[in-house]
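Here is the structure we will look at, set down as structure tokens.
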2 protein chains.
Amino acid sequence: MSDVARRAGVSTATVSRALRGMPGVSAETRERIAKIADELAYVVSPEASRLAGGATRRVAVVVPAISRWFYATMLAGIEAVLREADLDVLIYHVEGASDRERFFDRLPARRKVDAVILIALPVTDPQRRRLDLMGVTVVVAGGKIADYPNVQIDDEQAARQAAGHLIAVGHRRIGLITTSDSEDQVWTSEVLRKGGYEDALRRAGIPLSPELMVTVRWGLDGGARGMDQLLSLPNPPTAVFAHSDEVAMGALRTLRRASLAVPDRMSIVGIDDHPMADLNDLTTVHQSVEVQGAIAGQLVLDLVSGRTPRRMHVTVPTYLVVRGSTAAPAVSLTSQAPPAAEAAQAAGSKK
Amino acid sequence: MSDVARRAGVSTATVSRALRGMPGVSAETRERIAKIADELAYVVSPEASRLAGGATRRVAVVVPAISRWFYATMLAGIEAVLREADLDVLIYHVEGASDRERFFDRLPARRKVDAVILIALPVTDPQRRRLDLMGVTVVVAGGKIADYPNVQIDDEQAARQAAGHLIAVGHRRIGLITTSDSEDQVWTSEVLRKGGYEDALRRAGIPLSPELMVTVRWGLDGGARGMDQLLSLPNPPTAVFAHSDEVAMGALRTLRRASLAVPDRMSIVGIDDHPMADLNDLTTVHQSVEVQGAIAGQLVLDLVSGRTPRRMHVTVPTYLVVRGSTAAPAVSLTSQAPPAAEAAQAAGSKK
């Protein structure tokens, strides 16, 4: 409402009176305010104006893919904290760019909630401005958007932990399977994790090889395709860092089908510590997703109650979990022909 | 409200007037109605009474474990349909028996929603009666509770498909890993799937062996423990049907750790076709969870719009997906000593 007031050059009280059809506002002003409010898609709801301070006792959670482990677990963490405080949780599933566009265009959550939690998803500047117009608390979970209070892991650091482990056990030829979404949009975590991988290699004096970095669709199938690509190189890597555990597990499937023993012929590491990572004996970098959700919920509780959170921006630590999918490369570092290279050469010579 | 009216022996209009403090109701009647309404935990909300026909345009989804694949996927299916119709989705995470008790005791969703979707969870008769008092549409997804409109698979049939496949490829000594929740409460799907397994064996003339049926906590770890138990039998099974894919994958972990080759030494089959089933080459019975969610959402849309759904009770078909975890037992059916039995005997003779 303050936005409408600012644009119309009147007080918010005047805007409120005008939009609710109360007396004391000239016809001209009323019309001007209605026009601006309309431009801003600002619709006064009887419910919202009835409840002081916007205390709808509801929080909207905007999530890009409910059925994926990361988002579902984050949602569980958020819900637990908000439910405990007797707040209701509305979910908005906003899957692709057009869903996002429609969501931010119509902002269906406006007038219905005290706060919005965005679970890490790409938000454009115009979308962010529309969100600000809602005038509700916004918190970001599992990532960072503008300056909104947020909770996240340090994605770059997590990637350094993963790639650093491969370097520490002796690998020099290290592949990267990074991802993009189904609309080829690159997400912040993808940029940061790639950066962490590159940084770890640079610090170890290992030159970056663009052919060792492949970009695939997120998920098991993407991971499998990524490993296909890396294995088809004349000189494949001896180890691979995958964007996340689900991508890493897809890569493991390719290795199993190719009968390439893990970790003897190929080491592989992911990020997440997905519930299935242990099952698949996958070395990974653990992140506590439910904890991030709970912290996001707590940030909302503090902010809607007028309390100042102890920290507006929380980074949850990650740590390496070594399992059976990583080991030293089969031959010593000084050798110029690691087994994967030999295999590739053998395969090449058959042509 | 009709419940209050019935108990008080007055019309619903009178109840409505009495509870909202409107004139035309005697003090005595007013007091009696208030007392009954209080007993029934029926609280009139200004919002609910303002909106004709309870059109809050919100639907509550009550879910026992948000972060599990089955529930998250069901939720995704429900949300997609309701969002399309511009209805908001409130989620209530109700994990254990005490959560359920508290939820049904307080019914936080009352006065806030037009409909409630219960994703398969145990509901007692008193809880069901409280739910009925809410006077909103109730739909059950992924199971059956009382006579509420519902969508589900035929759990017994799915289990027959799974166990029947093991019988068809030649197994006679077939284990069952069934589950109970962390409070040892048995869910309907567990009873039905166990029944389907027993039925498949009986039809094939295979006597039921109680020692081959183990009950574990649901999940990967439970599945691993279940296989531990079956492998410690003097005469272990040659094949195992697990309650669900996550349980089956836990059992696979035990087999891998014990270096027992699948399917050569042990066949295993689950139910779900979980996204990770293909990765783990697990034979399973496919169920379409997102479709069940979408159908539950459609049932709600029809019912809150006053339309009669084409079917009030929908059963979504399941089908067998054969992968690499099942095969004929290593020796012919006529032999009295399958390899697992031999191994067990060998192990026994070492004592």
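We did not get these values from a lab; they are worked out from the coordinates using the rules stated. Keep in mind that this is a model prediction, so the values were computed, not measured. Here the Cβ positions follow ideal geometry from the backbone for every residue, glycine too, while neighbour counts run over all protein chains shown.
Of all the residues in chain A, which one has the C-beta that comes nearest the axis relating A to B, and what is the distance in Å?
Residue plus distance in Å, as requested: A:Ala72, 2.
In whole angstrom, and with the biggest value first, how far do the Cα coordinates of segment A:235-324 range along each principal axis?
Here the spans come out as 59, 22, 18 Å, largest first.
How many nm separate the modelled label positions at A:Arg256 and A:Leu208, each set 7 Å beyond the Cα in the direction of the Cβ?
3.4
Give me the inter-chain shielding for A:244-252: mean count of other chain Cβ atoms within 10 Å, whole number please.
Neighbouring Cβ atoms belonging to other protein chains average 1 per residue here.
Can you pull the mean other chain C-beta count within 10 Å for peptide B:63-75?
Values: counts 3, 0, 2, 15, 14, 5, 6, 1, 4, 10, 4, 2, 7.
Rounded to a whole number, the mean comes out at 6.
Count, for each residue of B:215-222, the Cβ atoms from other chains sitting within 10 Å of its Cβ, then give me the mean as a whole number.
Numbers: counts 0, 0, 0, 0, 1, 4, 3, 0.
Counting other chains' Cβ atoms within 10 Å and averaging over B:215-222 gives 1.
Starting from segment B:209-305, pick out the trypsin sites (Lys or Arg not before Pro) whose DSSP state is loop and whose Cβ has at most 10 other Cβ atoms within 10 Å.
Passing both the DSSP loop test and the Cβ count: no residue.
From the label point of A:Pro108, set 7 Å along Cα to the beta carbon, how far off in nm is each other copy's matching point, shortest first?
Spelled out, the distances from A:Pro108's label point are 2.2 nm.
Give the nm distances, rounded to one decimal, from A:Asp132 to the matching residue in every other copy, measuring between label points 7 Å along Cα toward the beta carbon; shortest first.
5.5
In nm, what does the list of distances from B:Ser180 to its counterparts in the other copies look like, shortest first, when each label sits 7 Å along Cα to Cβ?
Nearest first, the other copies' label points are 5.3 nm away.
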